[in-house]
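The values are calculated or read from the model by the stated rules, or taken from the named source; none is laboratory data. Small disclaimer: the values here were computed from a predicted structure and weren't measured. For neighbour counting, all protein chains shown are included, and Cβ atoms are generated from backbone atoms with ideal geometry for every residue, glycine included. What goes into the accessible areas is simple: the full protein's heavy atoms, side chains included, and nothing from ligands, DNA or RNA. Shrake-Rupley method; radii C 1.70, N 1.55, O 1.52, S 1.80 Å.
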Amino acid sequence: MNEIQQMTVTELVGAIRRRDLSCREAAESHLARIDAINSVINAVVTVDADGALAAADAADRMTASGADLPLLHGLPMTHKDTHDVAGMRGTQGSPIFADHIPVADAPIVARLKAAGVVTTGKTNVPEFAAGSHTFNPVFGTTTNPYDPTRSAGGSSGGVAAAIAAGIQPLGDGSDMGGSLRIPASFCNVVGFRPSYGVLPMPAATNDWAWLGRTGPMAREVADIALFMQAVAGPSERVLPSAPLRGTDFSGILNDREPGDLRGVRIGFSPDFGLGVPVEAEVLQVLREQLHHFEDAGAMVEEATIDFTDADLVFQRTRATAFAANLGQLVRDHRALIKPEVIWNVELGQSLTATELIEATAARTRLAAAVRAFYSRFDLFLAPGAQVLPFDATQRYPGAINGVESRTYLDWMRSACLLSATGLPVVALPAGFTASGLPVGFQLAANHYRDVELLRHAHAFEARSRVADRRPDLVPGSGQATRPIVTLDA
């Protein structure tokens, strides 16, 4: 990476504001990094270099005019391919939409553009963002910058790989069952799933959809906070409005000493109290890093939220959302859709009224369990992923510690359980195995304690400095289209 590619978001936009760096120079460096490294990891799938450079030149003219500059002025960024960008191909990883050109920006993209971002292209996703391994029949497989034979996670895998590889310091993703947290854990970056409604993520068929969230990814917590400051706030399509605004995230890391967690109570669970299987190397790394919380003054003990009802809540809520959003596509294009999506849609279509009523009751019990936990603790700490980054030619891990995966969601259970609670969760780099593979924590606070959550995450980050370790990638040439191999191959 050159000097620009190593900058944090704060450093890059600060250099542009001081006129030490032009927006065009930032965009050219970003595009050069894509050219140099993307053939190795296949993270960026669409690039609009001409449009990006034109937008950068316009941003430089704005800088020269003396106008007030938005928070992310001149920052080059690709967007997740499930987030529409007006006039730019948006495939959702599906051959059905291989040539689709959206006419309007997704709400999160519109807010990022208003905050000054220079849009350069799109990053890879699993088909319809289903699953936490990024592969699809349109573009192939995205791989991990720390080991390009392994998965980068998903569904925000292209975003995570691009950030880890130095293509960009900040990205927009989304998370229903771990799509921000698992790729963050696999790629040694930070992923943030905020509280409901803090960032807009309206569903096409349901303005009250709550399970999926839009959120940022970055190399460090301070850049996550800057993203939130720039784009958080109410949307007429997300009801009810969240009690947090962008201004709530301004300066949140400046009012206390880095690494200070005095008085913070943390409940750590390696298996969520349910015997969730986690690979031994993952747990070894996490246990070795717990002392950073304690050294910062936190009280850490083994404890868990009662997740008894979380599986049912997650599975039925997700299945209902899949049936509502993708049911017509399955009816019209079944042969072009991967079997995991078809299974999830049909599961949602098969749910009875009794089963939906049971899911509502289970969610109520789970909410009570969350309240009980946070009456005793400030934070819940757990593995960010149950496995290490796995062979990228697999569709998903077939088993963990001898426990077979019955569905494509089973290996993501560590993330799905927390999704069911609706809590804000941040994935944090936690360390590396002896073979150099990243491992991550996920840290959850109570509802709408997003600001405190980022402060606490920053305290761990400031002491551990795990994210400082960058991948050693050898540049390649040309656009990669990596093979997809079935689980049984």
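The C-beta contact set for the stretch 128-152 (first residue in a helix (DSSP H, G or I), second residue β-branched (Val, Ile, Thr) and modelled with pLDDT of 95 or more, distance under 8 angstrom, 6+ apart or interchain) comprises Phe128/Thr82; Phe128/Ile337; Phe128/Val341; Ala129/Thr82. Within the stretch 430-448, residues that are on the phi > 0 side of the Ramachandran plot have Cβ atoms under 8 Å from residues that are open to solvent by less than 10 Å² (accessible area, probe 1.4 Å) and in a strand (DSSP E or B) in these pairs: Gly431/Pro438; Gly431/Val439, counting only partners at least 6 apart in sequence or on another chain.
For the stretch 87-119, a residue qualifies if it is over 22 Å from Gly154 (Cβ atoms) and touching a His at 6+ places or on another chain (Cβ under 6 Å), and exactly one does: Gly116. Would the stretch 180-196 turn up any residue that is modelled with pLDDT of 95 or more, open to solvent by 10 Å² or more (accessible area, probe 1.4 Å) and either out of contact with any helix residue (DSSP H, G or I) (no Cβ under 8 Å at 6 or more places or on another chain) or on the phi > 0 side of the Ramachandran plot (or both)? Yes, the stretch 180-196 has at least one match. Taking each residue of the stretch 402-414 that is free of Cβ contacts under 8 Å to residues at least 40 places away in the same chain and looking for partners that are outside any strand (DSSP E or B) with beta-carbon atoms closer than 7 Å, six or more apart or interchain, yields Glu404/Gly398; Ser405/Tyr396; Ser405/Pro397; Ser405/Gly398; Ser405/Trp411.
Against the numbered list (1) open to solvent by 20 Å² or more (accessible area, probe 1.4 Å); (2) at pLDDT 95 or above; (3) of a type outside the set (Ser, Thr, Tyr), Val44 comes up short only at (1). So is Arg395 in contact (Cβ under 8 Å) with a residue 24 or more places away in the chain and among the basic types (Lys, Arg) or not? Yes, satisfied. Ala160 meets the stated requirement of being open to solvent by less than 10 Å² (accessible area, probe 1.4 Å), in contact with a helix residue (DSSP H, G or I) (Cβ under 7 Å, 6 or more places away or on another chain), touching a residue at least 12 places away in the same chain (Cβ under 8 Å) and assigned to a helix (DSSP H, G or I). Going by what's in this entry, would Ala382 be described as under 30 Å from Arg262 (Cα atoms), touching a residue at least 60 places away in the same chain (Cβ under 8 Å), small (Gly, Ala, Ser) and open to solvent by less than 40 Å² (accessible area, probe 1.4 Å)? Yes: the conditions hold for Ala382. For first residues located in the stretch 455-475 and under 20 Å from Asp260 (Cβ atoms), partners that are surrounded by fewer than 21 Cβ atoms within 10 Å (Cβ to Cβ) and polar (S, T, N, Q) and lie 6+ apart or on another chain with Cβ distances below 8 Å form the pairs Ser464/Gln289; Val466/Gln289. Filter the stretch 191-216 down to the residues that are in contact with a Leu (Cβ under 6 Å, 6 or more places away or on another chain) and part of a strand (DSSP E or B), then identify the one that is farthest from Leu253 (Cα to Cα). Checked the stretch 191-216; the qualifying residue farthest from Leu253 (Cα to Cα) is Thr214. Does Val426 qualify as being closer than 18 Å to Ser179 by Cβ and among the aliphatic types (A, V, I, L, M)? Yes, satisfied. Within the stretch 468-481, the set of residues being at pLDDT 95 or above and either under 18 Å from Leu379 (Cα atoms) or in contact with a helix residue (DSSP H, G or I) (Cβ under 7 Å, 6 or more places away or on another chain) (or both) comprises just one member, Pro471. Which of the residues belonging to the stretch 101-127 are hydrophobic (A, V, I, L, M, F, W, C) and either under 24 Å from His30 (Cα atoms) or open to solvent by less than 20 Å² (accessible area, probe 1.4 Å) (or both)? Within the stretch 101-127, Ile101, Ala106, Ile108, Val109, Ala110, Leu112, Ala114, Ala115, Val117, Val118, Val125 qualify. Among the candidates Glu288, Glu281, the residue that is touching a Leu at 6+ places or on another chain (Cβ under 7 Å), charged (D, E, K, R) and touching a residue at least 60 places away in the same chain (Cβ under 8 Å) is uniquely Glu281.
Restricting attention to the stretch 133-178 and to residues that are among the aromatic types (Phe, Trp, Tyr) and in contact with a Pro (Cβ under 9 Å, 6 or more places away or on another chain), the residue that is farthest from Leu409 (Cα to Cα) turns out to be Tyr146. Please verify whether Phe390 is within 21 Å of Glu461 (Cα to Cα) and out of contact with any Leu (no Cβ under 8 Å at 6 or more places or on another chain), treating the condition exactly as stated. The answer is no for Phe390. The one condition from (1) over 30 Å from Glu294 (Cβ atoms); (2) in contact with a strand residue (DSSP E or B) (Cβ under 6 Å, 6 or more places away or on another chain); (3) of a type outside the set (Ser, Thr, Tyr) that Asp332 does not meet is (2). If you check Leu239, Leu261 for being open to solvent by 60 Å² or more (accessible area, probe 1.4 Å), of a type in the set (A, V, I, L, M, F, W, C), more than 22 Å from Gly173 (Cβ to Cβ) and touching a residue at least 12 places away in the same chain (Cβ under 8 Å), only one passes: Leu239. For Asp306, are the conditions met, namely being outside any helix (DSSP H, G or I) and either without any contact (Cβ under 8 Å) to a residue 60 or more places away in the chain or of a type outside the set (Val, Ile, Thr) (or both)? Criteria met by Asp306.
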